[in-house]
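Here is the structure we will look at, set down as structure tokens.
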Amino acid sequence: MSENWKAKAAMTAGSLIPGVVNADFADDWGKHYQTSNDPEKIERARSVMDADIELPSESKQAIETAVYIFQGDEGKSAKLLRDYLIKTGKVESHYKHVRQVGGGPARSHWQVEPATAMSLVKHSYKLFGPKFEEKFGPNALETVQRWDEHKWSVALEKLPHLGATMAAATWIASKWRD
């Protein structure tokens with residue numbers, strides 16, 4: 001047996017064990033979403049994955065909007081994007097807070113910072129194609145590219161679909177692995 005086959009078999013078997021799949025998400029979250037790669041924060045993310053946290057229906061709908069917009073981008077399936085967005089909301093806010101606890105700038109259940117959203121629409125604008133315009137309206141990209149941090153802060157807090165979409169864009173732009 002090749003080492004590659006053994007690794008794939010172990011990953012497949014591990015995906016049936018609670019916590020093992022979450023470990024991959026937690027590592028990815030620490031490196032590509034939260035970006036500090038802080039072992040304590042990654043461990044906290046792992047522990048949250050097993051918590052019984054209710055996904056509000058509005059957040060579920062918002063996730064479906066984001067999945068529709070980005071499925072297939074960077075080879076990411078709808079299933080994978082949905083899973084990562086659900087888990088991101090669990091880790092970031094427990095689906096309870098739309099403002100960063102402690103007064104920081106992050107907003108939405110996915111805790112997107114306005115500066116991150118501004119950077120995404122300006123520097124990774126190719127991610128936001130026709131499906132983004134379909135969901136958010138004609139010239140939506142051009143409109144949000146003109147927003148300042150205050151407008152982003154208000155929009156991310158008040159519009160769950162935009163928060164989930166920016167969270168998905170953060171994941172896609174990070175080029176995280178499957």
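Values quoted throughout were computed directly from the atomic coordinates according to the rules given, and no laboratory measurement underlies them. Since this is a predicted model, take the numbers as computed values, not measurements. Because the Cβ atoms are built from the backbone with ideal geometry, glycine has one as well, and the counts that use them run over all protein chains shown.
At a temperature of 20 °C and a viscosity of 1.002 mPa s, determine how fast region 95-178 diffuses translationally according to Stokes-Einstein, using the Kirkwood radius over alpha-carbon pairs as Rh; express D in µm²/s, rounded to the nearest whole number. Before the final figure, lay out the partial values.
Numbers: Rh = 12.9 Å.
Estimated diffusion coefficient is 166 µm²/s.
So if R0 is 30 Å, what FRET efficiency would Arg99 and Ala78 give, r being the distance between their Cβ atoms, rounded to the nearest 0.05? Calculated transfer efficiency: 0.55.
Which of Glu54, Glu64, Glu113 moves most in a GNM of the chain, Cα contacts under 10 Å? Greatest mean-square fluctuation among the candidates belongs to Glu54. Between amide H atoms placed 1.01 Å from N, distances below 5 Å from Val112 occur with Arg107, all of them 5 or more places distant or on a separate chain. Set the Cα radius of gyration of the chain against 2.2 N^0.38 Å, with N its number of residues, and you get 1.05.
Computed per residue of the chain from DSSP H runs no shorter than four, each worth -39500 (n - 2.57), the mean residue ellipticity at 222 nm is -18500 deg cm²/dmol.
Of interest is the spacing of the C-alpha centroids, which for region 103-178 and region 21-62 amounts to 19 Å. Spacing of the modelled spin labels on Lys122 and His150, each 7 Å from Cα toward Cβ, amounts to 1.7 nm.
Counting Lys and Arg as +1 and Asp and Glu as -1, each charge on the Cβ, what is the dipole of region 97-178 about the Cα centre in debye, to the nearest 20?
On the way: 11 positive and 8 negative charges, 20 e Å.
Roughly 100 debye, rounded to the nearest 20.
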